[in-house]
Each structure stands twice: as C-alpha cells, then as structure tokens.
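Here, each number is a calculation from the coordinates, and none is a lab measurement. The model shown is predicted, which means the values in this text are computed figures rather than measured ones. We place every Cβ from the backbone using ideal geometry, glycine too, and count neighbours over all the protein chains shown.
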Number of protein chains: 2
Amino acid sequence: MEDQFDSSQVIMEVRAKVAAKPKATIADVARLAGVSTATAGRVLGGYGYTSGSKKDQVMKAAEKLGYKPNALARSLITGKTRTIGVVAGDIRNPFYAFVLRGISNIAEKEGFGLLITNSDESFEQETRAVDLLVEKQVDGLIVSPCDTRDSAHLRALHASGTPLVLIDRAVEGLEIDRVGTANVSAAREAVQRLIQAGHRRIGLVAELVEEAEGGVVSFIARAQAGEPVESAALYPSWQRLLGYVQAHLVARVPVDPTLVLRAGEYSAEAAERACLALLQRDDRPSAVFTTDGTMSEGAMAAIAKLGLSIPTQLSMIGFDDLDWMAFLPPGISTVAQPRMAMGEAAARMLLEQISGADIPPRTVLMPASLVERGSVSAPDTSLR
Amino acid sequence: MEDQFDSSQVIMEVRAKVAAKPKATIADVARLAGVSTATAGRVLGGYGYTSGSKKDQVMKAAEKLGYKPNALARSLITGKTRTIGVVAGDIRNPFYAFVLRGISNIAEKEGFGLLITNSDESFEQETRAVDLLVEKQVDGLIVSPCDTRDSAHLRALHASGTPLVLIDRAVEGLEIDRVGTANVSAAREAVQRLIQAGHRRIGLVAELVEEAEGGVVSFIARAQAGEPVESAALYPSWQRLLGYVQAHLVARVPVDPTLVLRAGEYSAEAAERACLALLQRDDRPSAVFTTDGTMSEGAMAAIAKLGLSIPTQLSMIGFDDLDWMAFLPPGISTVAQPRMAMGEAAARMLLEQISGADIPPRTVLMPASLVERGSVSAPDTSLR
DNA sequence: CTGAAAGCGCTTACAG
DNA sequence: CTGAAAGCGCTTACAG
C-alpha cells in the first residue's frame, strides 16, 4: 500500500544503482563502435579526420553510453586547462563583484572556466591562492595584488612564463599587462568640480592604508611642491589623493592636510568614524570627496547620522557608482569606474597572452566618468 | 648609456629564458634524488611511508628544481579534483556575492577550489554551466536552479551520483540537500509587523516571474481560502507572497489583489515602474513590503522620486539587508537573510556528500531576521 | 620502507 | 582516413 511506502529504501536503491554505473570512457565508446580509441577520440574530441560512417558509429555509441569527456585527461596532455584563475580582494565588495562579472563574460564566451579566490587583501592568503591556482594548472591568472612593492610570488610567476594580468593595482617594476583606472585624473576632475562650485575647504575620506614614504603630510607637501611623484605603483587611494592635491594646485587653493582623512583600514565603519569627527569640527569642510565605494558608504553614514542635508549644508562627490547613489535624494554625484569593462579588458588581455600572442606589456588605464547628480552646490556661506 | 637602454630587448630575453625552462616533474625530482618515482611521489604527495633520509633527499631535490605538483595528474588517478562548482544567478547581485563568499570560506578552509559560473537565470546558460563543471570533474556542485519544475539536467546529475546541493530554490520532487530561507514565515512576520502598526492596505512589490497555476489572483484566492499550498518548490517570491497573504489571514485583514505588484522581470527598474504607478493611485497603500533586495531598490527609487517621506507618508519593510538601508534616513527596516551563512551551510553539506557520508537528503531552511529600524510607523490618518 | 610496473582517460606522432 | 603504441604526471597495488 502506498501509505507504507518507505522512501529511505528508494534512496538506498538509487545509491546502489549509481555506484554500479561507472562513467563511460573513450575506450568504452570505441569498443562499442568497433573502432580504435584514436578514431573515437578524433570524433569525440573534434580533432583530426574521420570518415562520415565511422563518425556516425562513434556518435551513436557515445550517445548510448552517455559519454561525457573528461577535461582532466585532455588537459594533462595538451597542457591547457581552459581555466583562468582570479585572485580578488573580496567578492562581496561590488567593485570586485563587477570586475569578476566582466571576466566571467569573456571567459564564458570563450569556453573558459573561472577559478575564483579571495585574498582579503592579505599577502599570505594571496600567496596561498596563487599556489592553489598554479597547482590546478590554470592557463593564466588575473590578480589584484595586495602588495604593490614586493610581491615576489608574482614576479616569480611571471618569470616562469605564466600568463598574468594585474587589475586595479600595479606592482613596482613588474612590467606586465594590467588594467586600472586613471585615478589621478579622475580624482582631480572631481575635486576641480567641487572647487569650481566655490568650495575651498574640501574634505577627503580615503583609505590610505599603506604608509607612503614620510606619510600623508610629506606626500602632500611633495605633491604640492610639484615634485614628480611616481604614481604608477601607488595604491589607488594614494593616486586619488594625488589628484586631489593637483586640483588644488591648479586652482591655487591651498591644501589643508587636516582635511585629509585617513580611515587607516578598509571598512565603511572606519570611514564613518573618521568622517564623523571631521564633520563635527567647527572648521568643517563645505564639501567632501571620497576615494572609493566603501569610503563613500562610510561618509554617507556619517552625514546621515549628523543629519546634514546635501547639498545645502554639505556638498559631496563619491567614488564608484553604487546603487543607492542614484536614488538617495538628491542623488549623489560620483566618479564611476567602468568596473565590468575593466574585468572584460583584463580577461581579453589574458586570453591573448594565453593564445601565445607575443605582445609587449600593456597598461590599460580606463577613464572614470564623473556622474553628475544633485549633491554639489555652492558652499553654504553662512558657514564661514 | 642608460639613456639608450632598450627595454624591448630585455623582454625578449626574458621570454626566451622562460620557454627554455620546462616545469619539473616527479620523475625529475626522483632522478636528482636518486630514488624511484614511487618514493618521490610518496614524500611529495604526503602518502605512504618513507624513511627520513630519503625524505630529505627528495625534499632537497624538489626544492632545487622548484617542483610544483600538478593537481591534474593526481586528480586523474584519484578521481577527486578538490574543486567545487557553483552555478549562481549573477555574481553582481549582493545576494549571490555573499552566498559565494560563504561557500568560499568553507572551501578555502578545506583546501578546495571554486569554479564559479553565472546562469543569469537562463535555463540554457545553467545547463551549459553544469556541463562545463562536470567536464572539469568538479567533486560536487552547488546550484541555484532557475527552473523549479523540470530541471532534468539536475535530476540526471543527481541520479549519476554527483554530489549536489541546491541553494535558494528547490526543484519539485528532487529530494536532495538544499539550503534556503524560511520565506513564508519571514514574509508573514514582516507583514504582521506592518499590520500591527495599524496598516490595512499594504503594497507588495514582488518579482513573481514564473506563472503559478492560475496566476496571482487565483493564487491569492487559494491561499486565502486556507487551501494548503505546496510551497516547498515555489519560487521564493511566491513563497513570500504566501507569507503576505497568511499575515492578512491571521489578522482578518482582507487582501486587495490590486496591491500586489508583479514586476514581472527581475530588475530594479521594473520594480520602480510598478511601484511608481501604485504609489500614485488615489487609494495608494499606507505601507509597502518588498520581496527581495532588487525589488527593495526599485521601490526605494520610486519612493524617492515621488518625494514621499518615510515613515510619515509611507511605511516600508524591505528584504535583504543592503548597505544603504542602514544609513538612508530614517533607516529602512528589513528582512535580513543570513546570506553568507547560507553559502557556508551549503558548502558544508556538499563537502559531507563528497566525503562519502551516507546522509539522507536534508532541507535546511535558515531563519531570516526582521531588522527593525525607522521605516515603520502608524499609517498617516490624513490619507484615508 | 622501496621500487618496477601498470594505469587514470585522453591526445599525438607515426605507419599504413 | 585509421589503428597500434607511446605518453601526459602522477598514484596504486604488488612484491620484496
């Protein structure tokens, strides 16, 4: 009777059946089709020549056996896995999520798989991740290096001939394909926009985690003195700080270093704390510029907490076009990086390297666009 | 002279050097160490027994040759790749990004790699993705199925004995490990909270993409009539609609089907359009509940565009705890799914299957929590 | 504890 | 066009 139907028995049966049915191999197909494994391999693998009749026999046999190719065996011979490895900072960060999607778009189109790891911006984790990917024989790697100076593992990787593309950050002296954002000019333009609106005291909320030689104050002094700053291997947040200083320089507006906020750690909470302190000062700035999405979020939280109204009491330009910037009244103007396109560009470059093209190292700096919305107005004159 | 330094030449040299240095294999190490490949394999692979002296010789030789294991060869023999495949909807969606991070946490800890694909909720892409992953011999798959009825490919996959865990959605009659959210109760509690605050006309902004038998109106009618609705294999948005109806039922508040908005497609823009129309009606609801993050975003955009103030003119409860909900004044109350924990749970279950544990199929429904912030108040009485 | 041999599932020259 | 044989880089019984 159906009421007494015991489902656990069914499961056991299924399991047993399963264990008894090993996967079909090319040899099995060849045997059933009455051809050699070489011939079966040729039709199933789509290489070499085979007559129509044999092709049919093999296809029929493969169909009957439910043959599925084993990419491992093929890769072992060809030396290619059609898999690319990616080391991202943290997939939860929309920046990386979009970059990964871009990489995935290209990979999928070319029939490549994507092995993804998170480094959490930890050097040790990044190293482990690269090792894992190398052992799995990925055809190439895209990495967002968390160390822009040393990164011996990446130098070794490149020296060993492994296709490698850097994303978002560069490594000093490692001349290989990379894609990033034109950070200095993007930040400069954003801050120029603020200056042009009449702002003279502009706060900067930035990560600035690694210590540049001499720290922020000395960095600003050098940038202001017009000393050529080697910006290529700088972390993005330092590059954006450079753009901030340059905008002041061009407009002959002095930089007040106390307005440059260093969150010191990469979290919205740290940015919020720093920004909260800044905005409660008597001489608080009339505008703020943030150097990435996470900083923008922290700054916004601080602004909301203080109940400051944008743009009447405070103007703001953010970084990265996060969803809420479009609908949070009055609309937050922001510097939008072409995140997905960056991922696509990186993947294309890597695929070119993999296909063996002998191309000299390229640096692709993608332009970021200033998306103007309603968060910038003339400074509140009652303030000063 | 340094000025005449030609960097292109250096590059060529490096390339040439590279091509000349093939990777060291176990055979190379064995030869240099003066032992058999079996012995070298035993120490390098960490299996079997080896004397201390031989172990040293092998290690030294491996070090000298820069030996790196080839996981492909090992996998071909062991039949295990220590790689798990994931088919997500779209990595850009924070829901999937967090779930993926959860999966990654566990995988990384256990030394597993992660092969990630996007289905874009397209059945064809999902099928292709699964095929790719299977060919690459992943040890198991975690998939968020875009079809909850048919999904023959997933049934076949499971029947073939491949470890498989479903996430977010179930497949009708496919009794395998899965993790999801307790959607019905989560939605019911959120709507109950709204009713308890005094709301009687509550809008629902939902995806509701697949047609349930008879459509929304008939679905609501059946749910209201107390007919037992088989909710397990329903899409999450339909389950959340069910919770919405149940909350009304319990409180003896009639459901007005015209308040149930069907975005019809999975995008914030569609949700915004639908919501905009709803909120401009004379008999607009005094509160809205949205059934996922994307819908919440669209609804928020519509609310902002109309300049409605929350909660005085409109109360709202969202779904998924998105960053902006915390700082957008007055704070948006929302139903928070434990996204990362869901990914971790799915990964753990998959790993158990992979390790061969003979466990009957488990359904893990994780509780979502109502995060109360400032977006709910009593209805604006001037409205009615 | 160690080595010779076989083999995982394919592809690749090499003859015919 | 087709097949026999070798081999990719490992691991696994099997003797010793």
Ordered shortest first, which distances in nm separate the 7 Å Cα→C-beta label point of A:Gly198 from those of the other copies?
4.2
Pairs of lysines in chain B (C-alpha under 25 Å apart; 8 or more residues apart or interchain)
24
Using Cα atoms only, what is the angle between the long axis of helix A:52-65 and the major principal axis of chain A, expressed in degrees (0 to 90) to the nearest 10?
80 degrees
Per-residue mean of other chain beta-carbon atoms within 10 angstrom of the beta-carbon, peptide A:330-336?
0
Just how large is the dipole of chain B about the Cα centre, in debye to the nearest 20, putting +1 at every Lys and Arg Cβ and -1 at every Asp and Glu Cβ?
1260 debye
Mind pulling the per residue volume of the convex hull built on the Cα atoms of the protein assembly as shown? Å³ is fine.
203 Å³
Farthest positive-ward along chain A dipole, Cα basis, beta-carbon charges - from A:Ile77, A:Ala251, A:Leu314:
A:Ile77
Give me the distance between the Cα centres of region A:167-198 and region B:260-276, rounded to whole Å.
37 Å
Cβ-Cβ cut-off under 10 Å around B:Glu135, Lys and Arg +1, Asp and Glu -1: the net charge is +3
P(r) for region A:21-153, please, calculated from all Cα pair distances in 10 Å bins and given in %.
11, 30, 24, 18, 13, 4, 0
If you rotate chain B onto chain A, whose Cβ in B ends up lying nearest the axis, and how many Å away is it?
B:Trp324, 2
First check a/c for region A:243-325, with a ≥ b ≥ c the square roots of the eigenvalues of its C-alpha gyration tensor; if it is under 1.5, answer rounded, and if not, answer prolate when a/b is larger than b/c or oblate otherwise.
rounded
Quick one: net charge of A:Arg188's neighbours, Cβ under 15 Å, K/R +1, D/E -1?
+2
In region B:96-133, the GluC sites (Glu not before Pro) that sit in a DSSP loop and have at most 14 other Cβ atoms within 10 Å of their own Cβ are B:Glu110
Provide A:Arg222, A:Arg178 in ascending order of the number of other Cβ atoms located within 10 Å of each residue's Cβ, fewest first.
A:Arg222, A:Arg178
Over the residues of region B:104-214, compute the C-alpha Rg and express it relative to 2.2 N^0.38 Å.
1.36
Averaged over the residues of B:314-324, the number of partner chain Cβ atoms within 10 Å of each residue's own Cβ comes to 2
Order of B:Tyr244, B:Tyr67 under a 10 Å beta carbon neighbour criterion, fewest first
B:Tyr67, B:Tyr244
Between beta-carbons, use under 14 Å as the cut-off and find the net charge around A:Val364, counting Lys and Arg +1, Asp and Glu -1.
0
Find which of A:Thr127, A:Val191, A:Thr162 sits farthest along the positive direction of the dipole of region A:124-216, computed with +1 on the beta-carbon of Lys and Arg, -1 on that of Asp and Glu, about the Cα centre.
A:Val191
For A:Leu370, B:Leu261, order by how many other beta-carbon atoms lie within 10 Å, fewest first
A:Leu370, B:Leu261
Angle between the Cα long axis of helix A:123-135 and the longest principal axis of chain A, 0 to 90 degrees, nearest 10?
20 degrees
0 to 90° range, to nearest 10: angle between helix B:94-109 axis and chain B longest Cα axis:
30 degrees
Averaged across B:105-118, how many Cβ atoms of other chains sit within 10 Å of each residue's Cβ atom?
4
Go ahead and estimate [θ] at 222 nm for the protein assembly as shown from helices alone: -39,500 (n - 2.57) per DSSP H run with n ≥ 4, summed, over the residue count, rounded to 500.
-14000 deg cm²/dmol
